[in-house]
There are 2 protein chains.
Amino acid sequence: MDKTLRKALMEITPGREEHRKEKELVERVFKKLERFDIKPVVVGSVAKKTDLRGDKDIDIFIMFPRETPRKELEEKGIDIGKKVFRSLRAKYEIDYAEHPYVVGNYEGYRVEIVPCYRTRKPQSAVDRTPHHTRYIQKKLRRNNELRKDILLLKQFMKGTGVYGAEAKIQGFSGYLAELLCIHYGSFKKTLKAASEWRFNLVIDPENLWENKKALSYFFPDASLVVIDPTDENRNVAAAVSEQSMARFIHASRKFIENPGMDYFFPPERKTPAKDGLRRRINKRGTKLMAIRFTHGRINPNILYSQLRKTRNSIVKQIEGYEFKILNSDIWTDEKKLSIILLEFKVWELPPIEHRIGPPLDKSRMEQDKFIAKYRRFKPKIEKGRWVADVRREFTEAEKLVPKILRGRKGFGKKIRELKRIGFVADEKILDIDGREFLSFLGEFI
Amino acid sequence: MDKTLRKALMEITPGREEHRKEKELVERVFKKLERFDIKPVVVGSVAKKTDLRGDKDIDIFIMFPRETPRKELEEKGIDIGKKVFRSLRAKYEIDYAEHPYVVGNYEGYRVEIVPCYRTRKPQSAVDRTPHHTRYIQKKLRRNNELRKDILLLKQFMKGTGVYGAEAKIQGFSGYLAELLCIHYGSFKKTLKAASEWRFNLVIDPENLWENKKALSYFFPDASLVVIDPTDENRNVAAAVSEQSMARFIHASRKFIENPGMDYFFPPERKTPAKDGLRRRINKRGTKLMAIRFTHGRINPNILYSQLRKTRNSIVKQIEGYEFKILNSDIWTDEKKLSIILLEFKVWELPPIEHRIGPPLDKSRMEQDKFIAKYRRFKPKIEKGRWVADVRREFTEAEKLVPKILRGRKGFGKKIRELKRIGFVADEKILDIDGREFLSFLGEFI
């Protein structure tokens, strides 16, 4: 294993030139920031020296005194950011976290200038970042081995598809990877521990909670709880889904059994050929449907989470009509096209439906309503309840789906507002543009 | 309503000639019983004068002293019965309740000679009958109106298909009808009360239980509890199913709204024409299957209850394979042919099946087993669990049913032992012999 790790490390450790370039860029931005009355600080992996080779993110926080009104902080923060990038002749845009900030594209780097409060106790998620940076810096002081292990862990998570707290991945943030590696002591020890993880595991690295049992009540829905050493009330792993946790557990087990570079650098997925996909679809004998959403740019975090919400609602509505879904998933190019893919186990039903009504011994009014409503279907008594074999509203899922797409019940807000929603079924799904989508389809079936 | 009741009463009150004939027959049997050292007693509706016109049942109990060993009681009881019918030149056979007894066919009457113990506190169900008879006799002494109302209630229950505690009907016994009528005070009051009944109702006519709440715990599964005035631990209504209770509730409501002779004497069901049935089957668009059991004579109570048990097991097994049943029912000619009728909502499924395996964080051994077992179907992780799209064992219910009929898992004992079990589907069901079956089919669909 050690040989693999050394080899991987050679690939992911940033070169001197890269660090020199980063330092130079930071200095240039700092120079521009001098004339404003704020304290700039580099945060994130550049500051912690835990950045992977080729990582082009530079995060600079500009710190305002505690007593600054929030509105002023936001306006001044944006204003300063804009002025800096303008004078650097860099393109920029406004992005939003808990408050707005400016992101510039400067010499190929994504440079963020984020306003925040300078406080001991963080007020918001943004304010925590400088604390995180300091905590990790302290832990890594004079411990270069651990720093290397963090790089390995981050790349391992990247390679196995669980790196990133964003809605798309629902996985492990960089800070979480750092905490885990520090907590367990090394890359190998982290993998060893993860291979035995249970869902709902609680890790409290700095022992901030006396009563660990209380923790499970405090974070009831978390697959994994890692208490933030800088804020005992925050679960650093809140974004980690059961799915990502499971994948990490599994990858850890497999890697320990049989290490390989593929875990760090997975071979690129080949786009599957349409003919092969067509054959596989036919062999499955199920019914596939792809619901297409055409849209403008939507913040990816919002997009993924609303697509999931929409998918859940559609599946629930379909199954309410007694059709059965075998699998479903979402896909998006994050630019203009999103897809909800549905695979049906049951997509046709007979023209009658066994409708179950109120029991004979409850409200007479409800009984009379049921009898009157279904009079022409001759209600009968069955096991003490009224029942009627009524005409089914939809005998084909393909006729039901347009109704659901018109109603848009339970859809994410951004998706509900879209003009262009449509769907295609069966082999026509193969005509949807894009190799990425076909790769996704290949994984799905 | 009163006019209807008077009219019905004229139809159901036995004539003088009928009572005279019964009396004469009883006397002849008693004469034959004289030479044995037992005390005969007439029980049942003849003794209580609550028998309906044309009721050809005469129940004679022969009472043995308490200290008689059970074996001796049974042997002597049978022996006496046989001898009596032989000397009357009547055909007879042995039947079984809690112990064996002899039933003779004497001048068109079904005469039972049943041995029992003469005790104050009944030892068994059989021993209770004389107590029941005495209780009702006492209650009806000098109350001819109530006797008439009992006849009406029995005929009403007969006409609406809920009369009889046997497994076929799972309804109201004669004794139960008598108790209800006495408890509520009249036929009309009984119907009025029943129209407001709730399931799990408790009636304790003689107030034998102080704590009525305890009663529900004592009879937790009963749809209706009527405490036997002669034995506080017995629920006279134990046989009443929710279905029979519901039908009686409904019939009571309808009769009160709009009385009519049809409730007492329902028009005979016309056998539906095969062509009409065929059209209706096709219109429903479901899949019908009839499982045929060819058998010799089986005690009807055992037959009905084992058919139900068998039906339940078959339905459960079918749904275990993800097919869906819309309706199912049983039918038998009680002689040589029984049918379990199944109507499918889903009878075809795609060739793949979404098999859900163990979660990632539980026993590694189980996980490895699942992965090994389904290796060729490429297990994936989904929501923290192993899943695999495996090849489905049965894509058509029609291919599954023969396997279930071979396995006979959970079938009633008598049915499990049958040699000839087969099944037919769709229109071929119409070829099953017998108008009775076609009537049943007509009701079913």
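The values are calculated or read from the model by the stated rules, or taken from the named source; none is laboratory data. Since the model is a prediction, treat every value here as computed from it, not as a measurement. Here Cβ is always computed from backbone atoms with ideal geometry, including for glycine, and neighbour counts include all displayed protein chains. When the accessible area is computed, the model is the full protein with side chains, heavy atoms only, and any ligands, DNA or RNA have been set aside. Shrake-Rupley method; radii C 1.70, N 1.55, O 1.52, S 1.80 Å.
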With a 1.4 Å probe, how much accessible area is buried between chains B and A, both sides summed, in Å² to the nearest hundred?
3600
Quick one: helix B:274-284 against the long Cα principal axis of chain B, what's the angle to the nearest 10°, folded into 0 to 90?
50
For the stretch A:14-119, what is the accessible area per residue in Å², given a 1.4 Å probe and the full set of protein chains?
55
Going by Cα centres, the stretch B:112-131 and the stretch A:54-117 are how many Å apart?
96
Tell me which A residue has its C-beta closest to the axis rotating A onto B, and the distance in Å?
A:Val346, 3
Please give the average number of partner chain Cβ atoms lying within 10 Å of the Cβ of each residue in A:356-363, rounded to a whole number.
4
Sequence neighbours fewer than 8 away in the same chain don't count; with that in mind, list the aspartates and glutamates whose C-alpha is under 19 Å from B:Lys139.
B:Asp51, B:Asp149, B:Glu178, B:Asp204, B:Glu206, B:Asp228, B:Asp231, B:Glu232
So the FRET efficiency between A:Lys403 and A:Lys316, C-beta based with R0 = 22 Å and rounded to 0.05, is 0.95
For A:Thr294, net neighbour charge (Lys/Arg +1, Asp/Glu -1) across residues whose Cβ lies under 10 Å away
+4
Pseudo-label separations to other copies for B:Pro220 - Cα-to-Cβ vector, 7 Å, nm
2.8
Label distances, nm, A:Lys409 versus same residue in remaining copies, Cβ-directed 7 Å point:
3.8
The correct pair for chain A, radius of gyration to one decimal and Dmax as a whole number, both in Å and from Cα atoms, is 27.1, 85
Taking only Cα atoms and a 10 Å spring cutoff, compute GNM fluctuations for chain B and point out the largest among B:Leu307, B:Leu224, B:Leu405.
B:Leu405
Could you pull the copy-to-copy label distances for B:Gly185, with points set 7 Å along Cα to Cβ, in nm to one decimal and sorted shortest first?
8.7
Positions from the stretch B:328-350 whose accessible area shrinks by 30 Å² or more when the full protein complex is built, not the chain alone, probe 1.4 Å
B:Lys345, B:Val346, B:Pro350
Using alpha carbon centers only, the stretch A:253-310 is separated from the stretch B:141-180 by a whole-angstrom value of 68
Quick one: Cα convex hull volume of the stretch B:1-43, Å³ per residue?
67
Round to the nearest 10 and give me the degree value, 0 to 90, for the angle of helix A:300-320's Cα axis relative to the longest principal axis of chain A.
20
Only loop residues by DSSP count here, and only those with at most 14 other Cβ atoms within 10 Å; note down the GluC sites (Glu not before Pro) in the stretch B:33-113 that meet that.
B:Glu34, B:Glu67, B:Glu98, B:Glu107
Taking the Cβ-Cβ separation of B:Asp333 and B:Lys82 as r and a Förster radius of 25 Å, what is the calculated FRET efficiency to the nearest 0.05?
0.30
Please compute the average number of Cβ atoms from other chains found within 10 Å of each residue's Cβ in peptide B:49-58.
0
Distance histogram for the stretch A:1-152 (every C-alpha pair counted, 5 angstrom bins, percent rounded to whole numbers)
2, 9, 18, 20, 18, 14, 9, 6, 3, 1, 0
Roll a 1.4 Å probe over the protein chains and send me the accessible area per residue for the stretch B:352-391 in Å².
62
Carbon and sulfur: what percent of the stretch A:352-391's accessible surface (1.4 Å probe)?
54
How many Å² of accessible area per residue for the stretch B:120-242, probe 1.4 Å?
47
Residue-averaged [θ]222 nm for the protein assembly as shown, counting only DSSP H segments that reach four residues, each worth -39500 (n - 2.57):
-13500 deg cm²/dmol
Heavy-atom accessible area, 1.4 Å probe, ligands and nucleic acids excluded: residues of the stretch B:375-424 down by at least 20 Å² from chain alone:
B:Lys380, B:Ile381, B:Lys383, B:Gly384, B:Trp386, B:Asp389
Run a plain Debye calculation on the stretch A:303-432 (Cα atoms as equal point scatterers, no solvent) and give log10 I(q)/I(0) at q = 0.11, 0.13, 0.16, 0.17 Å⁻¹, rounded to two decimals, same order as the q list.
-0.53, -0.68, -0.86, -0.92
With respect to the cross-link table entries A:Lys56/A:Lys213; A:Lys158/A:Lys419; A:Lys378/B:Lys274; A:Lys270/B:Lys373; A:Lys274/A:Lys345, which display a Cα-Cα separation exceeding 29 Å?
A:Lys56/A:Lys213; A:Lys158/A:Lys419
Taking the Kirkwood radius as the inverse of the mean 1/r across Cα pairs, report the Rg/Rh of the stretch B:192-253.
0.97
FRET efficiency estimate (nearest 0.05) - Cβ-Cβ, B:Ser216 to A:Glu257, R0 60 angstrom
0.55
Computed over chain A: relative contact order in percent, which uses C-alpha pairs under 8 Å that are six or more apart
12
Calculate the spin-label point distance for A:Glu366 paired with A:Glu67, positioning each point 7 Å from the Cα along the beta-carbon direction, and give it in nanometres.
6.4
Can you tell me what percent of all Cα-Cα pairs in the stretch B:352-391 are more than 11 Å apart?
56
Ignoring solvent entirely, what values of log10 I(q)/I(0) come out of the Debye formula for the protein assembly as shown at 0.06 Å⁻¹ when each Cα is a single scatterer?
-0.66
Throw me the Rg/Rh for the stretch B:143-263, computed over C-alpha atoms with Kirkwood Rh, two decimals.
0.95
Between their Cα atoms, which of A:Lys403/B:Lys383; A:Lys380/B:Lys316; A:Lys71/A:Lys409; A:Lys399/B:Lys403 are more than 32 Å away from each other?
A:Lys71/A:Lys409; A:Lys399/B:Lys403
With charges only on Cβ, +1 for K and R and -1 for D and E, what is the dipole size of the protein assembly as shown about its Cα centre, in debye, rounded to 20?
940
On a 0 to 90 degree scale, rounded to 10, what angle separates helix B:174-184 from the longest Cα axis of chain B?
80
Dividing the surface of the Cα convex hull of the stretch B:159-226 by four yields a projected area in nm² of 5.1
Once the dipole of chain A is set up from charges on Cβ (+1 Lys and Arg, -1 Asp and Glu), the residue from the list A:Trp347, A:Phe411, A:Gln137 lying farthest towards its positive end is A:Trp347
What percentage of the solvent-accessible surface of the stretch B:158-290, computed with a 1.4 Å probe over protein heavy atoms, is contributed by carbon and sulfur atoms?
48
Rg/Rh (Cα only; Kirkwood hydrodynamic radius) as it applies to the stretch B:177-330:
1.05
Across B:Val114, B:Val43, B:Val390, the residue with the highest GNM fluctuation in chain B (Cα network, 10 Å cutoff) is B:Val390
For the stretch A:2-67: relative contact order, % (alpha-carbon pairs under 8 angstrom, 6 or more apart)
37
Computed lengthening from A:Arg391 to A:Asp426, 0.36 nm per intervening residue step minus Cα-Cα distance
9.9 nm
Give, ordered by residue number, each residue of the stretch A:178-221 whose 1.4 Å probe accessible area is reduced by a minimum of 50 Å² on adding the remaining protein chains to the chain alone.
A:Arg198, A:Phe199
